[in-house]
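Asker: Would you mind keeping the following structure in view while I ask a few things?
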Amino acid sequence: MTENEIHWDRPTPFILPVTPQAADIDGLDHTNNAVYVRWCEEAGWAHSNALGLTLPDYKRLDRGMAIRRSEFDYIFATNEGDELLLGTWLLPGDSALSMQRCFQLIRQRDSSTVLRARWDLVCIELSSGRPKRLPAEFSEVYVPAFSAA
């Protein structure tokens, strides 16, 4: 399966390959739902790092993007050893304080979408936890990365 044969929900995702390991499998013999949540967090940070904003930058700026709301649609189960591609995109939010991060997890062997997820993110001041406008450095990096809706 090539990346060209995969139907992504949006163009040009940031892609993190993932494969469930034995420790990821639950009592029902499929990938535990909490593992998908962890993978989304890993993909979000990897994408942010690739764009040029890292955790040390967040701390230096005393700002961070916090999950205000998350939504996960578990479509099909996955199993140990399944080769998966987790795509993620950034989208504008509903205010100057927010943005969205969307995810799509695809099983490579049959090109099936097995999960879709969305986070509503809000910019916060790390020292107080209060919502704040995105600092210029965030806007300069994240806004150009917004995917076409």
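The values are calculated or read from the model by the stated rules, or taken from the named source; none is laboratory data. This one's a predicted model, so the numbers in the text were calculated from it and none came from an experiment. Counting neighbours? That spans all protein chains shown, and the Cβs are built from the backbone with ideal geometry, glycine included.
Asker: Being free of Cβ contacts under 8 Å to residues at least 60 places away in the same chain and touching a helix residue (DSSP H, G or I) at 6+ places or on another chain (Cβ under 6 Å) is the filter here, so list the residues in segment 1-31 that pass it.
Answerer: The answer is Asp24, Thr31.
Asker: Any residue in segment 86-96 that is free of Cβ contacts under 8 Å to residues at least 12 places away in the same chain, farther than 22 Å from Leu16 by Cβ and not in a loop (DSSP other than H, G, I, E, B)?
Answerer: So far as segment 86-96 goes, no, none of its residues is free of Cβ contacts under 8 Å to residues at least 12 places away in the same chain, farther than 22 Å from Leu16 by Cβ and not in a loop (DSSP other than H, G, I, E, B).
Asker: Sticking with this one: May I ask you to list the residues in segment 1-52 that are outside any helix (DSSP H, G or I), out of contact with any strand residue (DSSP E or B) (no Cβ under 9 Å at 6 or more places or on another chain) and among the charged types (D, E, K, R)?
Answerer: Asp26, Asp29
Asker: I would also like to ask the following. Give the residue that is farthest from Val122 (Cα to Cα), with candidates limited to residues of segment 61-98 that are touching a helix residue (DSSP H, G or I) at 6+ places or on another chain (Cβ under 9 Å) and among the charged types (D, E, K, R).
Answerer: Taking the candidates together, the pick is Glu80.
Asker: If you go through segment 62-81 one residue at a time, do you hit one that is under 17 Å from Ile15 (Cβ atoms) and under 13 Å from the mean Cα position of the chain (by Cα)?
Answerer: No, segment 62-81 has no match at all.
Asker: Going through Arg130, Arg116 one at a time, which residue ends up being without any contact (Cβ under 8 Å) to a residue 24 or more places away in the chain, of a type in the set (D, E, K, R), in contact with a strand residue (DSSP E or B) (Cβ under 7 Å, 6 or more places away or on another chain) and on the phi < 0 side of the Ramachandran plot?
Answerer: Among Arg130, Arg116, only Arg130 is without any contact (Cβ under 8 Å) to a residue 24 or more places away in the chain, of a type in the set (D, E, K, R), in contact with a strand residue (DSSP E or B) (Cβ under 7 Å, 6 or more places away or on another chain) and on the phi < 0 side of the Ramachandran plot.
Asker: So, one more: For Ala148, work out the one condition from (1) modelled with pLDDT under 95; (2) over 20 Å from Ile6 (Cβ atoms) it doesn't fulfil.
Answerer: (2)
Asker: Only one of these conditions is not met by Ala77: (1) surrounded by fewer than 17 Cβ atoms within 10 Å (Cβ to Cβ); (2) closer than 30 Å to Val141 by Cβ; (3) without any contact (Cβ under 8 Å) to a residue 60 or more places away in the chain. Which number is it?
Answerer: (2)
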